[in-house]
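The values are calculated or read from the model by the stated rules, or taken from the named source; none is laboratory data. Since we're looking at a predicted model, the values are computed, not measured. Backbone-built Cβ (ideal geometry, glycine too); neighbour counts: all protein chains shown.
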Amino acid sequence: MNTKIATRRTYIPKWGDNRKQPDQDQIIAHYKILSCDEKTRIMPDRPLEFQYNPDGSVKGGTVSISTFRRPLVKNMLLKLENCSYEDEDGVKHEIRSATDLLGAPTIYEDLINELGDFFKDELEKGIEEKN
């Protein structure tokens, strides 16, 4: 079976009313789809472990859950268009890459989270079945 897929895609974030802006002003995120090996490296399967008493009741245990947002953004985001900010000195700072975005002021935290969640959803999509 031959499956045709796009390995590079674009996404227009909702962040900051971005989608309500004129098309030429909207932030556009260009991203790549990871390979299976890259996905496993970034989002490894972690077993949940619990301890039980002899009577079967839960004795205790710990669970560590991570959203993997930043590693996904770092590894999937190829470039951003139309994303910048101006500081108090009037200096314009372009945000064009994952490195730029992750190093941007905390006002961009919600954009990072949105992109990370979107990328995670993209990686969990399967092949669309036709009935």
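Is it fair to say D17 is modelled with pLDDT of 95 or more, over 20 Å from L123 (Cα atoms), in a helix (DSSP H, G or I) and not polar (S, T, N, Q)? Yes: the conditions hold for D17. In region 1-23, the residues that are loosely packed, with under 10 Cβ neighbours inside 10 Å form Cβ pairs under 9 Å with partners that are assigned to a strand (DSSP E or B) and not aliphatic (A, V, I, L, M), at six or more places apart or across chains, as follows: T7/K32; R8/H30; R8/Y31; R8/K32.
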